[in-house]
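Down below is the structure, laid out as structure tokens.
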Amino acid sequence: MFDNRYGTGQSTIDGILRATNAMLAGRTVVVAGFGYCGRGLAERARGMGARVVVTEVDPVKALDAVMQGYTVTTMDEAAPLGDVFVTVTGNRDVVRAEHLERMRDGAILANSGHFDLEIDLVALDRMAVEVNHGVREQADEYVFGDGRRVLLLAEGRLVNLGAAEGHPAAVMDMSFAVQALTTEWLARNHADLEPGVAEVPEETDTEVARLELAELGVGIDVLTPDQDAYLRSWRP
């Protein structure tokens with residue numbers, strides 16, 4: 001929730017702005033993938049005044065995006081609409097040749113979800129008649145035969161790392177705290193665990209959230225004994 005949604009959401013925007021100095025307000029940002037990373041990115045792009053279009057393959061996530069007020073469509077339909085395209089899917093070949101062929105002049109391509117496979121770089125190289133490396137730091141310009149240009153950021157690698165500094169410390173401290181406390185829990189309880197994937201204990205997540213709230217100076221309510229008993233009981 002925090003590392004991907006808030007960390008990736010902010011650091012991806014940071015990377016795009018550092019690499020391009022582009023104005024997002026009034027522009028159309030296409031977010032490919034609506035997992036935690038995609039949700040965070042879409043929220044922050046919308047907060048900066050962008051029109052956000054979401055593409056998805058998962059019906060539940062697509063419906064979630066629709067219910068949050070985003071335009072949801074296919075990458076085929078989004079290709080000629082977008083000014084900025086960001087892949088955050090964890091899959092490969094999300095932006096392919098047929099999409100590149102339909103993009104408008106000046107479109108910006110970035111990846112913030114996976115290895116440099118989400119954008120089909122082989123197709124991009126094949127389609128380009130000219131490549132101008134380093135038109136800006138971490139930005140390469142690909143010129144197509146019809147004169148259209150697209151700008152690839154961070155060589156298609158993670159733009160929030162290649163063109164920015166990754167997640168803010170205020171997010172990573174929570175992730176590392178969960179990891180450290182879970183490692184401690186494993187050391188203490190490994191003899192009682194079956195081989196397999198174990199869930200992070202709920203009390204660990206709760207404790208980290210409680211500590212972060214205290215650091216932020218935020219207070220929350222506490223259940224009364226009667227409320228706690230009511231929630232634990234099946235009786236009305």
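The values are calculated or read from the model by the stated rules, or taken from the named source; none is laboratory data. Bear in mind that the values here come from a model prediction, so they are computed numbers and not experimental data. Backbone-built Cβ (ideal geometry, glycine too); neighbour counts: all protein chains shown.
Worth a mention:
- Criterion: surrounded by fewer than 16 Cβ atoms within 10 Å (Cβ to Cβ), in the same structural domain as SER112 (by TED's automatic domain parsing) and on the phi > 0 side of the Ramachandran plot - qualifying residue of GLY147, GLY156: GLY147
- Among the residues making up the stretch 181-213, those that are outside any helix (DSSP H, G or I) and farther than 20 Å from ARG5 by Cβ are LEU193, GLU194, PRO195, GLY196, VAL197, ALA198, PRO201.
- Any strands (runs of 3 or more DSSP E) falling wholly within the stretch 92-180 and containing at least 3 residues that are under 29 Å from ARG5 (Cβ atoms), in contact with a Gly (Cβ under 8 Å, 6 or more places away or on another chain) and of a type in the set (A, V, I, L, M, F, W, C): 107-111, 149-153
- Here is the figure for the stretch 201-210: residues that are closer than 14 Å to PHE176 by Cα and surrounded by fewer than 14 Cβ atoms within 10 Å (Cβ to Cβ) total 0.
- Condition met for ARG126 (over 23 Å from GLY166 (Cα atoms), surrounded by fewer than 23 Cβ atoms within 10 Å (Cβ to Cβ) and in contact with a helix residue (DSSP H, G or I) (Cβ under 9 Å, 6 or more places away or on another chain)): yes
- Boolean, VAL197 is more than 20 Å from the chain's Cα centre (by Cα), among the aliphatic types (A, V, I, L, M) and surrounded by 14 or more Cβ atoms within 10 Å (Cβ to Cβ): no
- The set of residues in the stretch 166-216 that are farther than 22 Å from CYS37 by Cα and either touching a residue at least 12 places away in the same chain (Cβ under 8 Å) or among the aromatic types (Phe, Trp, Tyr) (or both) comprises LEU181, THR182, TRP185, LEU186, ALA198, PRO201, THR204, GLU207, LEU211.
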